[in-house]
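Notes follow the structure.
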Amino acid sequence: MSAFDIFKRVSRAPTNPGVAVKPRQFDVAELYQGPIQVSAAGEESAAPLDEKLRQAYFWIVNNAIISPHYDIEYHDGPAPSYAIGDTRRSLVLPSAQSYSSFILLPLLTFATRKKCLFVGGPGRGKTASAILMGVLAGYAVGEVRRAMQHGHPQMTIADLLGNPLPADLINAQSMDEIRIAWRSWLSMRVKIVDEYNRIPTRTQSALLTVMGDNYAEVLNHIFECPESAWYLTANDDQGGGTYQVIEALRDRIDVIVQALAFNPRFLNDLLLRIEENARPEELAPREIIFSEKEIDQMGNEIRAISVPEEVRRRLEFFCSQFELSETAGVQFEYMTKDTARLSGVDWAQVVAADNGRDRLKDLGCQTRNGVSVRNLMTLLVFAKALAYFRGNRAVELEDLRQILPFVLHDKLQPDLEAPFFCVPENAGYRTDRLSWLRRLFDLSCDEFNRLDLDRNDPVSDLAEEFALGLEGISERETRARLTKIERLVSELSKGRKLYGHLYDDLQKLKYLHQRYTNYLHWLRAQ
Amino acid sequence: MSVSTPFARILAAGRTQFNARVAEAKRRSPSFDSDAFGAFLISAVDPVIAAVDAISPDRAASVALSAYDIALMLAAQGMIGPKARYPLVGRAWGTLFPALAQQISEEPAEVLGALSNAALYLGSTPNLRGEEWLQHMCELAPTTTVPELLALGKVLAWRSGVAHFRSGALNAASTLPENLVVAAVGATPGNSWASIRARFDDDPWWSPNAEVASERCIGDFSGFGGSFSQPPEVRASVSGFWVKSGDRYSLLIADVWGAVLHPASAEEFASPAPIIKFPVPVQKGNRLIFGHRAVDIDLPAEGLSVVCNETTAAVSSIYSHQIRLYPLQ
């Protein structure tokens, strides 16, 4: 043991103190724990997995990744804010523990076994971060490096997945007799694909099967992959690269993280690494290495994090804003942006026809599409993971607000011709998509509050009533509820412009009406 | 002043390596005090090496390497030297470690590291009696094996006021030889550990030594070096008491040998109090009546608050920054 193995020092627990009421336990072994690392004298106390995850985060921040940017900001009181430069953009000094997305998002991807794309210029630590995640899963650095797939224009499906054994190709009488030498990376729990946008389109399709369905297929032979965390890197997330990335593959990516520029103020740390010949990924302390069982357990614990109704309702309201395109359909259900997209009609024509609403105020006008089910599920999983990482047992609105831009980064496409982006003070949002998405969510929450939907949401009241079940509901009561729904539909549609959230409310009411109608028919048949 | 011959020989043999370690420490820790480190090598590390060399010369180099690295770490963190934040560490090296040559020669990194950490813990936590721990260790530790030494350190730490380690320390005590454990808890030789342990398990305010005070006082005004900025509010908890003073919350754990405050949260302070099965003391003015005994509190009756958990009554007042603790039995 070296007294100065600063690269191996793990932050002392609790890394985020005072977040949950748990029974206090004191371990006498703590007496012998301190700044001097002792290998055998003190018995190890198993830290909870969320604490271990935080220790991994802080080890990476303090030792492995130089110059972290604290862009995931939390506050627990007034935070000093300064207007900087000609644009008067604000620099906020967070008053609570805040995080660097470049480290936190890959870590949450690791904990939830999702798929993360690193984007950014060359030499910014994208691949190094991905390798660190492999190391956290208990693999040796060499093993992770060897298993990493490097995208290149000549990459074949065999390069990616494996080869049939040459002898079997000659001697086999049937396909079943051909054995496949599968690539070792397929069985790993952390999979890294470097520069995935340099992979030829056909090979991308094979990659899609592995990413999307978790199996590989060569000559009718199937290799079932274990559930894994995926890390992909690209120098350009907009589909650039040697080959256009197929849309389905892009859609499988759960979060996108941008590798920000190195701050030369941290050059001394870089110098230290050169002088010490230290590679942090080779020095990861064993306290932050996760076994397969621990990752499974962590996944279960993350899923158990609750999403309170007030948080869920705001997410519902936010997502409601975007799918409606009133002029795209004639039948109510088809008045969506997806209908317009599938028809192949020029987007500008669709927008030009939409002249009834306040296009600056309507958040739906800022996007060219809506939020998919896959995106929503990813968003909920990552919001839970962030709450878990922070040591909470329920998702807070701020968790959702912070994680949302990274999940929807590549999914919610801005309409840069929309009036919102033409306002001079909003010009920055044309290029800074993360800030735009966060602003969009803030505006949606403001509107939610203005409508007082926390306290006055008749659609939710009806839905809750329905959720209690139809068992024992009389015909008279059913008719009363149908009348209530019809009255509400009539009220909502009276003299008001159609906005996204209203459109979804009306659809929900139609759904409830239909369920009660069916029940009424059934009742009368008894 | 120079070092002993064995240590000088070891330093000379590894001069390049040792010098490189110091250069590395200086680079990584700009506040590294080379003079304090040098003085510590002479005053604290050298006696340990000399003692080890006297009983096991072939282990001296290995011990020197471990001791040197630990001394570097301590110097880099400002734990040794004239400006040391916690002098107990230096005192442990100077007085205790030379007496533990046998154990150190067997497991140098573990013994030196663990006991240095323990000295840091006892020296840095308020309300603990680190010097008492050191004194008892010097008396009882030299003849132990390494596992006994580490178990003994835990027991004596508890006896020196680390009330929150009571349960673990009792378990560690049960692994010690009978005569050693009886001495470690301050009981009269000849008593059986089994009967002593039963008493400890039964009552946290029982002590084999009748002279130990059966009541404690903790807190004081933070402006005078105490723990509380405002007179504390107290709530009972299963393991002790939740305490609120201003916007700071603490968990107070106490027994016959000490009382320690740990950081806590507002949520913990607000958690429901446990149900008490035992009779609580009756308050008459500023007098508390516990069954057959009475205690006079030297505070006005007005604003006096008495809170009880399973074993202890905590008395606080709007006129005092202290919390007084009394055994219920």
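The values are calculated or read from the model by the stated rules, or taken from the named source; none is laboratory data. As the structure is a computational prediction, the values presented were derived from the model and not from experiment. We place every Cβ from the backbone using ideal geometry, glycine too, and count neighbours over all the protein chains shown.
Within region B:42-55, can one find any residue that is assigned by TED's automatic domain parsing to the domain that holds B:LEU96 and not in a helix (DSSP H, G or I)? No, there is no match, as no residue in region B:42-55 is assigned by TED's automatic domain parsing to the domain that holds B:LEU96 and not in a helix (DSSP H, G or I). For the condition in contact with a strand residue (DSSP E or B) (Cβ under 6 Å, 6 or more places away or on another chain) and assigned to a loop (DSSP other than H, G, I, E, B), what is the one hit in B:ALA294, B:ALA273, B:ALA259, B:ALA210? Checking each option against the conditions leaves just B:ALA273. Restricting the first member to region A:261-281 and to residues that are within 12 Å of another protein chain (Cβ to nearest Cβ) and of a type in the set (Gly, Ala, Ser), and the second to residues that are surrounded by 11 or more Cβ atoms within 10 Å (Cβ to Cβ) and assigned to a helix (DSSP H, G or I), the beta-carbon pairs closer than 7 Å and six or more apart or on different chains are A:ALA278/A:PHE7. Candidates in region A:231-270 are the residues that are aromatic (Phe, Trp, Tyr) and at pLDDT 80 or above; of these, the one that is surrounded by the most Cβ atoms within 10 Å (Cβ to Cβ) is A:TYR231. The numbered conditions (1) at the interface with chain A (Cβ under 10 Å from one of its Cβ atoms); (2) touching a residue at least 12 places away in the same chain (Cβ under 8 Å); (3) over 18 Å from B:ARG91 (Cβ atoms) are all true for B:THR145 except (1). Residues in region A:491-499 include at least one that is buried (at least 18 other Cβ atoms within 10 Å of the Cβ), touching a residue at least 24 places away in the same chain (Cβ under 8 Å) and either assigned by TED's automatic domain parsing to the domain that holds A:LEU400 or within 25 Å of A:LEU397 (Cα to Cα) (or both). Residues of region B:162-204 that are out of contact with any helix residue (DSSP H, G or I) (no Cβ under 8 Å at 6 or more places or on another chain) and touching a residue at least 40 places away in the same chain (Cβ under 8 Å): B:ALA163, B:HIS164, B:ASP203. Checking each residue in region B:229-280 for being surrounded by fewer than 19 Cβ atoms within 10 Å (Cβ to Cβ), over 19 Å from B:VAL315 (Cβ atoms) and more than 9 Å from chain A (Cβ to nearest Cβ) picks out B:SER229, B:GLY246, B:ASP247, B:ARG248, B:PRO272, B:ILE275, B:LYS277.
In this structure, B:SER2 qualifies as in a loop (DSSP other than H, G, I, E, B) and farther than 30 Å from A:LEU271 by Cα.
Within region A:387-438, work out how many residues are among the basic types (Lys, Arg), in contact (Cβ under 8 Å) with a residue 24 or more places away in the chain and not in a loop (DSSP other than H, G, I, E, B). Spell out the reasoning first.
Within region A:387-438, the subset among the basic types (Lys, Arg) is A:390, A:393, A:401, A:411, A:430, A:433, A:438.
Keeping just the survivors that are in contact (Cβ under 8 Å) with a residue 24 or more places away in the chain gives A:390, A:393, A:401, A:411, A:433, A:438.
Right, trim to not in a loop (DSSP other than H, G, I, E, B) and you get A:401, A:433, A:438.
The qualifying residues number 3.
Please specify each residue of region B:174-203 satisfying the condition of being away from every other protein chain (no Cβ under 14 Å) and in a loop (DSSP other than H, G, I, E, B). Residues satisfying the conditions are B:PRO177, B:VAL185, B:GLY186, B:ALA187, B:THR188, B:PRO189, B:GLY190, B:ASN191, B:SER192, B:ASP203. Comparison of A:PHE382, A:PHE318, A:PHE322 shows that the only residue that is under 24 Å from A:LYS510 (Cβ atoms), aromatic (Phe, Trp, Tyr), part of a helix (DSSP H, G or I) and within 20 Å of the chain's Cα centre (by Cα) is A:PHE318.
Give the residues of region B:156-173 that are facing chain A (nearest Cβ under 8 Å) and either in a loop (DSSP other than H, G, I, E, B) or surrounded by 24 or more Cβ atoms within 10 Å (Cβ to Cβ) (or both), sorted by residue number. Once the filter is applied, which keeps residues that are facing chain A (nearest Cβ under 8 Å) and either in a loop (DSSP other than H, G, I, E, B) or surrounded by 24 or more Cβ atoms within 10 Å (Cβ to Cβ) (or both), region B:156-173 yields B:ALA157, B:TRP158, B:VAL162, B:HIS164, B:PHE165, B:ALA169, B:ALA172.
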